[in-house]
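To keep things clear, I will list the structure first and then write my remarks on it.
The values are calculated or read from the model by the stated rules, or taken from the named source; none is laboratory data. What you see is a predicted model, and the numbers here were worked out from it, not measured in a lab. Cβ sites come from the backbone with ideal geometry, for glycine too, and all protein chains shown count toward neighbours. Please note that ligands, DNA and RNA were not included when accessible areas were found on the heavy atoms of the full protein model with its side chains. Shrake-Rupley method; radii C 1.70, N 1.55, O 1.52, S 1.80 Å.
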Amino acid sequence: MTKYAPGKEQHKAKKSLGQNFLVDSTVCPRIAEKAQIDGIGVLEIGPGFGALTVELAKRAKKVVAIEIDSDVVPRLLENLGPFSNVTVLEGDAMEIDLKGVIAEQFAGMPVAIVGNLPYYITSPLMMRFLEEQLPVQSITVMVQKEAGQRLCARPGNRECGAVSAAVWYYSVPSILFDVRPGAFRPQPKVTSSVIRLEVREKPLVSTSPERFFSLVRAAFGQRRKTAVNAISALLGVPKEDVSAAIREAGYPETVRAEQITMEGFEAIAENLFPN
Ligand code: SAM
């Protein structure tokens, strides 16, 4: 394990918690700037020692930061000393009642999620933010470059996956900029990207989330199979019915999940589950 001293004493970075701390002083102001958080509430995931938190606190009305590692909290609080608009909550961002936190801490304020995410839980965290339909206007996060490309890939594109469909269903995503491994201590092996999801007022397609995501998960659930076989196997629907729904949506029976667009999934869902 690499040793890193972001302050006075040494802290042994915990690989298991995805601890790669930002040490390039130009990156955090850039993330905070691009997050467009002036005068609003910010829910930060994984503040660590507060490199990004400080930049958020300078711009936002209020910052609530959720950190799982109690070992970093004393130094975090010390670094946040000059700011009276930050609250630190110790806990697991996967477990905490985020809707409750937003309602309690940001009553009446527009809210954005920002974070240099722990990479080991990027996808589950993003799915959680989206599927729970948290009342936030945007999500600006640093993720591994490949994860960012997958999250932002529009369905119908080779790089997309089930998580990309969730991203597009609820938001308009964009990749903002890359961050080199040398900007962190310890250095990760891969390049990172900052991405931004602008949450839509209304989902992109009209199919209910339950139907849409059960179909999408099934289609991507067996990547080596055609969409017909995967959907039929995982949803337990006869193959002829799935083939008919896919043909009616304008695709050949051999189509694979990554070739189907958002509108395509919408049409297949409507054909497969009419009411
Ligand atoms: N924001 C800091 C920075 O940019 O230097 C730290 C970023 S580091 C990549 C990820 C942070 O998330 C670490 O502080 C880690 O302890 C914290 N973390 C890991 N898993 C978490 C979880 N489930 N809930 C909340 N925080 C978590």
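Go through (1) modelled with pLDDT of 95 or more; (2) over 29 Å from Ile260 (Cβ atoms) for Gly108 and report which single condition fails.
Failing condition for Gly108: (1).
Filter region 197-212 down to the residues that are under 15 Å from Ala153 (Cβ atoms) and either open to solvent by 20 Å² or more (accessible area, probe 1.4 Å) or of a type outside the set (A, V, I, L, M, F, W, C) (or both) and list them by number. Please lay out each step first, then the result.
Kept after step one, since they are under 15 Å from Ala153 (Cβ atoms), are these residues of region 197-212: 197, 204.
Answer for region 197-212, where residues must be under 15 Å from Ala153 (Cβ atoms) and either open to solvent by 20 Å² or more (accessible area, probe 1.4 Å) or of a type outside the set (A, V, I, L, M, F, W, C) (or both): just Leu204.
In the list Pro181, Pro155, which residue meets the criterion of being surrounded by fewer than 21 Cβ atoms within 10 Å (Cβ to Cβ) and out of contact with any His (no Cβ under 6 Å at 6 or more places or on another chain)?
Pro181
Please verify whether region 61-76 includes one or more residues that are free of Cβ contacts under 8 Å to residues at least 12 places away in the same chain, open to solvent by 10 Å² or more (accessible area, probe 1.4 Å) and of a type outside the set (D, E, K, R). Let's see the steps before the verdict.
Within region 61-76, the first condition is being free of Cβ contacts under 8 Å to residues at least 12 places away in the same chain, and the residues that meet it are 74.
From what's left, open to solvent by 10 Å² or more (accessible area, probe 1.4 Å): 74.
Of the ones still in play, those that are also of a type outside the set (D, E, K, R) are 74.
Yes: region 61-76 contains one or more residues that are free of Cβ contacts under 8 Å to residues at least 12 places away in the same chain, open to solvent by 10 Å² or more (accessible area, probe 1.4 Å) and of a type outside the set (D, E, K, R).
Filter region 77-89 down to residues that are surrounded by 12 or more Cβ atoms within 10 Å (Cβ to Cβ) and free of Cβ contacts under 8 Å to residues at least 40 places away in the same chain and give me whichever is farthest from the ligand (Cβ to nearest atom).
Here is the first cut: in region 77-89, the residues surrounded by 12 or more Cβ atoms within 10 Å (Cβ to Cβ) are 77-80, 83, 85-89.
With the extra rule that they be free of Cβ contacts under 8 Å to residues at least 40 places away in the same chain, the set shrinks to 77, 80, 83, 85-87, 89.
Numbers: Leu77: 14, Leu80: 12, Phe83: 15, Asn85: 17, Val86: 13, Thr87: 14, Leu89: 9 Å.
Ranking the candidates gives Asn85 first.
Have a look at Glu210, Glu248, Glu198 and point out the one that is acidic (Asp, Glu) and touching a residue at least 24 places away in the same chain (Cβ under 8 Å).
Glu198
Could you give me the residue pairs with C-beta distances under 8 Å whose first residue belongs to region 112-137 and is within 15 Å of Gly148 (Cα to Cα) and aromatic (Phe, Trp, Tyr), whose second residue is within 15 Å of the ligand (Cβ to nearest atom) and assigned to a loop (DSSP other than H, G, I, E, B) wherever it lies, and which are 6+ apart or on separate chains?
Tyr119/Gly18; Tyr119/Asn20; Tyr119/Pro188; Tyr120/Gly18
Looking at Ala57, Ala107, Ala112, which is the one that is assigned by TED's automatic domain parsing to the domain that holds Gly18, more than 11 Å from the ligand (Cβ to nearest atom) and open to solvent by 50 Å² or more (accessible area, probe 1.4 Å)? Spell out how you get there, then give the answer.
Values: Ala57 fails: open to solvent by 50 Å² or more (accessible area, probe 1.4 Å); Ala112 fails: open to solvent by 50 Å² or more (accessible area, probe 1.4 Å).
So the residue among Ala57, Ala107, Ala112 that is assigned by TED's automatic domain parsing to the domain that holds Gly18, more than 11 Å from the ligand (Cβ to nearest atom) and open to solvent by 50 Å² or more (accessible area, probe 1.4 Å) is Ala107.
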